[in-house]
Amino acid sequence: MPVPVRVVLPADPVLGTEQQEIVARLWARRQTETGWIYLVGLPSYRDLEDGGVEAAEYRVWVRAPQHVRPVDGVDYDQVVTERLARSTVQDAIGERRPSGWVLAKLRGARGPDRGGVLHAPDCDEAPQGVPVLDLEHALNVAENPATRLCVLCGCAQELTPLLKGFDHITGSEPGGY
């Protein structure tokens, strides 16, 4: 059973129209390698053989969230949803951890070089309620000699190659195999 959804129509510079939103029917959702697409039914008209016109629906797949918006109060749980099958790689490595890193500051340390321990956000040792750092900020914090990288959650394994290069892993010289 379809449910209402807002569809964002593109601007048309030739006609001089801006983007518009219309309410359409959402028939299905499909997860792809590049994101989600939604099958929407846009209201339109069609010509009849006798010269008349009747209401019709034009169905098309559009990208979400770029081309669709929810309608307040609509339950989308009933929409047919096709998810990507788990890959062998996903089965082997498991679920992805949350992105980013968090800093557990050392107690009693003061000043800009006070250091701490960087953790993945879902690490058992990670502090709660602190800002999540993106890669650039995490690397800046990790460059501080007073900062340690947690080995329990994989933070050290993820960030050390970015800080020191990959050669330290095998002990090989640059360019060596």
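The values are calculated or read from the model by the stated rules, or taken from the named source; none is laboratory data. Please read all numbers here as calculations on a predicted model, not as lab measurements. Cβ placement follows ideal geometry from the backbone for every residue including glycine, while neighbour counts extend to all protein chains displayed. Keep in mind that these areas ignore ligands, DNA and RNA; they rest on the heavy atoms of the full protein, side chains included. Shrake-Rupley method; radii C 1.70, N 1.55, O 1.52, S 1.80 Å.
Residues checked against (1) out of contact with any Pro (no Cβ under 7 Å at 6 or more places or on another chain); (2) open to solvent by less than 30 Å² (accessible area, probe 1.4 Å); (3) assigned to a helix (DSSP H, G or I):
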{"position": "118", "(1), (2), (3)": "yes, yes, no"}
{"position": "121", "(1), (2), (3)": "no, no, no"}
{"position": "127", "(1), (2), (3)": "yes, no, no"}
{"position": "131", "(1), (2), (3)": "yes, no, no"}
{"position": "139", "(1), (2), (3)": "yes, no, yes"}
{"position": "152", "(1), (2), (3)": "yes, no, no"}
{"position": "159", "(1), (2), (3)": "yes, yes, yes"}
{"position": "162", "(1), (2), (3)": "yes, no, yes"}
Of the residues that sit in the stretch 1-50 and are touching a residue at least 24 places away in the same chain (Cβ under 8 Å) and in a loop (DSSP other than H, G, I, E, B), which one is least open to solvent (accessible area, probe 1.4 Å)? 2
Scanning the stretch 141-150 residue by residue, those farther than 10 Å from residue 118 by Cβ and either open to solvent by 90 Å² or more (accessible area, probe 1.4 Å) or assigned to a helix (DSSP H, G or I) (or both) turn out to be 143, 145
Which members of the stretch 61-118 meet the condition of being at pLDDT below 85, on the phi > 0 side of the Ramachandran plot and in contact with a Leu (Cβ under 8 Å, 6 or more places away or on another chain)? 115
For the stretch 148-157, which positions are touching a residue at least 12 places away in the same chain (Cβ under 8 Å) and out of contact with any strand residue (DSSP E or B) (no Cβ under 6 Å at 6 or more places or on another chain)? 152, 154
